[in-house]
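Please read the structure below before turning to the comments.
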Amino acid sequence: MTQTPLVAALLGGQARSVLFSSRFNFVTTESATWEVKKYISPLSARSGVSERELFYALDRFPITTIPSNLFDDTLDDAKRLIAHRDPKDVQVLALALKFGTAIWTNDTDFDNLHGVRVFKTAEMLEKLAELEE
């Protein structure tokens, strides 16, 4: 998972219903959570929710943060695939490559990557609806 669904969930978007569904288990990198934390102040101004409340909410999101030493052996492959688009995305891709997980993101830098499945929020909502039928 990249930071885009986390930011959307903090802002009360539809990503929140996916994130808090018991149908999925989410993992992300420490760098992704730090990236979100960098934007807490502007998110607070935009949403009218205090920074403290946003930090509190982020800390309670049902995600597991994976330290980079657990996927550092796939960093070179991830760099080759995505660093030219956005170097900040390398760790999330490395995590997905290491554990064979899909990536939930609305970030277009992940479009058309080979070897990893990418889901947009709309697709996650469709999957959730299918699972709840």
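Read the figures in this text as sums done on the coordinates, not as results from a lab. As the structure is a prediction and not an experimental result, all values here were calculated from the model. Cβ sites come from the backbone with ideal geometry, for glycine too, and all protein chains shown count toward neighbours.
Values as computed for the structure displayed
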read-out	value
The chain - Rg over Rh from alpha carbon coordinates, Kirkwood radius	0.96
Nitroxide proxy distance, nm - points 7 Å out along Cα→Cβ at Leu125 and Asp73	4.0 nm
Estimated vicinal HN-Hα couplings, Hz - the range 82-95 in sequence order (Karplus 6.51, -1.76, 1.60; Gly, Pro = x)	9, 4, 5, 8, 6, x, 5, 8, 4, 5, 5, 5, 4, 4
Pairs of lysine residues in the range 25-133 - Cα separation under 25 Å, sequence separation of 8 or more or cross-chain	14
Under-5 Å amide H pairs with Ala102, H placed in peptide plane, nonlocal only	none
Helix-only mean residue ellipticity at 222 nm for the chain, each DSSP H run of n ≥ 4 adding -39500 (n - 2.57), per residue, nearest 500	-14000 deg cm²/dmol
Total charge dipole magnitude, the chain, about the Cα centre, Cβ charges on Lys, Arg, Asp, Glu only, Debye to nearest 20	260 debye
Order of Leu75, Leu93 - criterion: other Cβ atoms within 10 Å of each residue's Cβ, fewest first	Leu75, Leu93
Label point at Glu132 placed 7 Å out along Cα→Cβ; residues across the range 1-24 whose backbone nitrogen lies under 17 Å	9, 12-24
